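Worksheet: one structure, shown below.
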Amino acid sequence: MKRTVIGIVLMGVLGAGSLMAEDHDWRGRDFRRDYADRRADYRDMARDRAKIAQDKRELREEYREGDWRGVQRERSELRNEYRDLNHDRWEARRDTRDIRHDRFWGWR
């Protein structure tokens, strides 16, 4: 009985090492992925800024016409665009941090 329990525990301990092993990308693929993600985030931010400018124009038009439901709808769209822009900024900062972290530790 003791042998069985010790054998099971030993197998668990030996198996835990392989489960916890980290996958370091020593060939630089991590850099390429981070740079590509950051470029995509910057492109998405530019699109979001263009949408925000268009929504602001539409909002001014709705104010001029006095269409308050349209104003509410445009404000909602602006709120969503600003939230998306902030999310993209956060992702770009995270990718930049990852690039700097990888360079610091020499994962090239």
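Every read-out reported here was derived from the displayed coordinates using simple, explicitly stated rules and does not represent laboratory data. This is a predicted model, so every value here is computed, not measured. Don't worry about glycine lacking a Cβ; one is built from the backbone with ideal geometry, like all the others, and counts go over all protein chains shown.
Below are the figures for this structure:
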| item | result |
| --- | --- |
| The stretch 47-64 and the stretch 85-99: distance between their alpha carbon centers, rounded to Å | 25 |
| Label-point gap, in nm, between Glu91 and Met1 - each point 7 angstrom along Cα→Cβ | 5.7 |
| Distance in nm between pseudo-label sites at Arg73 and Met11 (7 Å out along the Cβ direction from Cα) | 6.5 |
| Phi-based couplings in Hz for the stretch 48-56 (Karplus 6.51, -1.76, 1.60; Gly and Pro marked x) | 5, 5, 5, 5, 5, 4, 5, 5, 5 |
| The stretch 48-104: radius of gyration and largest Cα-Cα distance (Dmax), Å | 16.7, 56 |
